[in-house]
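Undergrad: Could you have a look at this structure, given as structure tokens, before my questions?
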Amino acid sequence: MEMRARVAVAVETPQHAGLAALLDYSCDSELPPGTLVRVPLGKRELPGIIWHRAAEQPAEEAQLRPVAEVLSALPPLSAHWRALADFAAAYYQRSTGEIALSVLPPELRRLTALQLTRRLERLHSAPDDATDGRASAESSAKSSDKASAAADAAVARPQLSAEQAAALAALATPGDPRPVLLHGVTGSGKTEVYLREAERALAAGRQALVLVPEINLTPQLEARFAERFPGRLLVSLHSALTPAQRLRHWLLAHLGKADLVLGTRLAVFASLPRLGLIVVDEEHDPSFKQQEGARYSARDLAVYRARLEGCPVMLGSATPSLETWHRVQEGRYRRLLLAERIGGGALPRVRIYDMGQLPKQSGAPLVLAPPLRQAISERIERGEQSLLLLNRRGYAPVLHCGACAWKSGCPHCSAWRVFHKADRTLRCHHCGLTERVPKACPECGNLDIAPIGRGTEKLEEQLGDLLPGARIARIDADSTRLAGALEAQLAAVHAGEVDVLVGTQMVAKGHDFRRITLVAAINPDGALFASDFRAPERLFSLLMQAAGRAGRDAEQAARSEMWVQTWNPQHALYAALRKGDFEAFAASQLAERRAAGLPPFSHLALLRAEAKDAAVATAFLEQAAGLAAELAAGLGCAGDVTVYPPVPPTMSRVAGIERIQMLVESNSRPALQRLLAAWLPAMHGLRAAHRGLLRWAVDVDPLAI
Ligand code: ADP
Ligand code: ZN
Ligand code: ZN
């Protein structure tokens, strides 16, 4: 009888299924690690990845089930790629199989060996249709590498600014393997530095990976890279691609045919056999953290991956995250500074407007302070654009009955339902519950129910009255729901067909608007008093980003302004904003964090439990806390880890489900990791004793607590 090989296979089984991380199977021939296979599990057949040879255990040989199918047409996933998945699984406390399989294109997991072979044949014969819908600039893409490098050099490139040249020279100096923070004010030309570094990687025969926080930032960046590298194959990877596109792009990267990969957080797991550069643009952006399933930080994984592959990694931001900034201070990251805007234009003048100085008046508070309204009118007369930022969509955040104090709460969530005037609905932004606005108060029948507060829809309407004749547009999650709507609206702004743009944070980031000379934050104070310790960091970064949308054309920079309407003009955050002083802001925030023992001076994990009945979730977490205490004592790290009592989060109820969370804090990352590694597997056993517990999960390095 022929000797059969034994392999350990990564299969997508969620950790709480209680199965081992890798499952053993037998196969006819020695299959290399990284090979995609299909294996039987129970009555199902699942995709899997051969992780390594299994240890010999002759006694069990008979029970070992054979691999069902080998997708041998696909080159194996590399050892580096598997090491990245292993690290992510261990760090974020998931199973290896869950991470490894969930980050593959969904289509790849479904295909049979035959289907996959056909796809690959089609790709080999015509790889160039990968960049869907773009001009056929890639038709020459598969010329030799030398020819491609020559084509790269032939494209017109701008003369580098002195700061850009200095940064690139520093990057070119060998011998410093540290991750780089490219700290550049908005409009300082960070993208040009990415482009030049990518050029260097491509010239060396390597691939470049560029991560951006949001899908709607990809088209603009894609266009810039495509224009700069007409002879190269560029693919994007994000969740808005069709399954077929995503598979094709992923395969082109995996086969080494694509030179440039641009994507959102999931692209950090792209398989890149010749990876030579990783860029994380807007590295501070919370979107790099996955918020469900395996809650990984793509930024942090990018840094780990670069070290694994021995390639440079560049984190770009005007307002770096305090974690990254702290690492710069410790000397673990290297900072390169672009302090000046291209063309020498000044950053907009910041005007903190004290709403308290407005004359008291009866009725609704003023939308725009009179001098702000005046400043906007002047812009309209000059043919310039203004951007008004209000981080709340809908017409009004809540409806209210003056007779009985009824408010439009959501019956399923601890949240108000938002009044949307356009379709006269009340919508819960958390569970989606949508109903027609009642004609009268549902409690007392009073006909006079009124909206309180203001969302973007109402602001848009009020601006129509305040600025007659002005062309006003609104960009938020509601106005851009239809495919292509966002692109069309942005195009209208770029074409100068809009005088005043109203938007949520969606418009504050990244966009290279050329005609905006005024940006105003209408009502940003809420974040000053939010319970989340990261709220001030977010607000500061959002306002700096928003300010960066103004005066991007150097000629207009001198008369650009950033307005902030506030009831707290003395707040330190606004003082730092006025001076555009990130370092002062970061220093004061870090001092507060140090005093409070918060990240980056401590390390956090958040355990969340959900049940219809909050008491069930609490009891589960309390028992888990008891278990943690025992384990920590056994591991000798009891003094290093603190487990706080379970509490409801701010949004404690969503869609009828109660959430309870428990914070775990440690001054030592290894101690925290040791405890989690012992604790979480043991918690699977606790679950059975808590009937009614729906879900529990751990979030390592949570962004919001
Ligand atoms: P950032 O990402 O730092 O906000 P960008 O990379 O978008 O800035 O650059 C701002 C603008 O300056 C862009 O329109 C870009 O094309 C232009 N730019 C960048 N570098 C140069 C340069 N060296 N010479 C001329 N224009 C440049
Ligand atoms: Zn009422
Ligand atoms: Zn709801």
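Undergrad: Farther than 29 Å from R327 by Cβ and surrounded by 18 or more Cβ atoms within 10 Å (Cβ to Cβ): does that describe L621?
TA: Against the criterion (farther than 29 Å from R327 by Cβ and surrounded by 18 or more Cβ atoms within 10 Å (Cβ to Cβ)), L621 qualifies.
Undergrad: So, in segment 428-443, of the ones that are in a strand (DSSP E or B) and more than 13 Å from G409 (Cβ to Cβ), which residue ends up farthest from ligand 2 (Cβ to nearest atom)?
TA: T434
Undergrad: Of all residues in segment 262-308 being of a type in the set (K, R) and in a loop (DSSP other than H, G, I, E, B), which is farthest from H238 (Cα to Cα)?
TA: R274
Undergrad: Kindly indicate whether any position in segment 452-468 is touching a helix residue (DSSP H, G or I) at 6+ places or on another chain (Cβ under 7 Å) and outside any loop (DSSP other than H, G, I, E, B).
TA: Checked segment 452-468: at least one residue is touching a helix residue (DSSP H, G or I) at 6+ places or on another chain (Cβ under 7 Å) and outside any loop (DSSP other than H, G, I, E, B).
Undergrad: OK, next. How many residues does segment 77-98 hold that are in a helix (DSSP H, G or I) and surrounded by fewer than 22 Cβ atoms within 10 Å (Cβ to Cβ)?
TA: 9
Undergrad: In this structure, is P681 of a type outside the set (G, A, S), at pLDDT below 95 and in a helix (DSSP H, G or I)?
TA: yes
Undergrad: Quick check, is P451 surrounded by 19 or more Cβ atoms within 10 Å (Cβ to Cβ), in contact (Cβ under 8 Å) with a residue 40 or more places away in the chain and away from ligand 2 (no atom under 16 Å from the Cβ)?
TA: Taking the combined requirement at face value, the residue does not satisfy it.
Undergrad: Among the residues of segment 332-361, count how many are without any contact (Cβ under 8 Å) to a residue 24 or more places away in the chain, part of a loop (DSSP other than H, G, I, E, B) and not hydrophobic (A, V, I, L, M, F, W, C).
TA: Within segment 332-361, residues that are without any contact (Cβ under 8 Å) to a residue 24 or more places away in the chain, part of a loop (DSSP other than H, G, I, E, B) and not hydrophobic (A, V, I, L, M, F, W, C) number 3.
Undergrad: Go through segment 24-43 and report how many residues are out of contact with any Pro (no Cβ under 7 Å at 6 or more places or on another chain) and small (G, A, S).
TA: Final tally of qualifying residues: 2.
Undergrad: Please pick out the residue among L31, L23, L101 that is aliphatic (A, V, I, L, M), part of a loop (DSSP other than H, G, I, E, B) and either buried (at least 16 other Cβ atoms within 10 Å of the Cβ) or modelled with pLDDT of 95 or more (or both).
TA: None of the others qualify; the one that does is L31.
Undergrad: Given the options R392, R427, name the one that is among the charged types (D, E, K, R), within 16 Å of ligand 3 (Cβ to nearest atom) and under 27 Å from V654 (Cβ atoms).
TA: Only one candidate qualifies: R427.
Undergrad: Something else: Out of the residues in segment 109-168 meeting the condition of being assigned to a helix (DSSP H, G or I), at pLDDT 80 or above and touching a helix residue (DSSP H, G or I) at 6+ places or on another chain (Cβ under 8 Å), tell me which one is nearest to L260 (Cα to Cα).
TA: The extreme case among them is L123.
Undergrad: So which residues in segment 399-421 are part of a loop (DSSP other than H, G, I, E, B) and away from ligand 2 (no atom under 15 Å from the Cβ)?
TA: Within segment 399-421, C410, P411, H412, C413, S414, A415, R417, K421 qualify.
Undergrad: For G484, work out the one condition from (1) at pLDDT 90 or above; (2) over 30 Å from C413 (Cβ atoms); (3) surrounded by fewer than 12 Cβ atoms within 10 Å (Cβ to Cβ) it doesn't fulfil.
TA: The one condition G484 does not meet is (1).
Undergrad: Let me ask you something else. Of N391, N446, which residue is away from ligand 2 (no atom under 16 Å from the Cβ) and in contact (Cβ under 8 Å) with a residue 40 or more places away in the chain?
TA: Of the residues listed, the single one that is away from ligand 2 (no atom under 16 Å from the Cβ) and in contact (Cβ under 8 Å) with a residue 40 or more places away in the chain is N391.
Undergrad: Taking the residues in segment 530-562 that are over 17 Å from A339 (Cβ atoms), among the aliphatic types (A, V, I, L, M) and within 16 Å of ligand 1 (Cβ to nearest atom) as candidates, determine which candidate is farthest from the chain's Cα centre (by Cα).
TA: M562
Undergrad: Shifting gears a bit: Any idea which of V268, V210 is within 21 Å of G189 (Cα to Cα), crowded, with 19+ Cβ neighbours inside 10 Å and not small (G, A, S)?
TA: When all the criteria are applied, what remains is V210.
Undergrad: Scan segment 572-583 and give yes if some residue there is under 27 Å from L703 (Cβ atoms), part of a loop (DSSP other than H, G, I, E, B) and not basic (K, R), otherwise no.
TA: Yes, the conditions are met somewhere in segment 572-583.
The values are calculated or read from the model by the stated rules, or taken from the named source; none is laboratory data. Fair warning: this is a prediction, and the values are worked out from it, not measured in the lab. Note: ideal-geometry Cβ built from the backbone for every residue, glycine included; neighbour counts use all protein chains shown.
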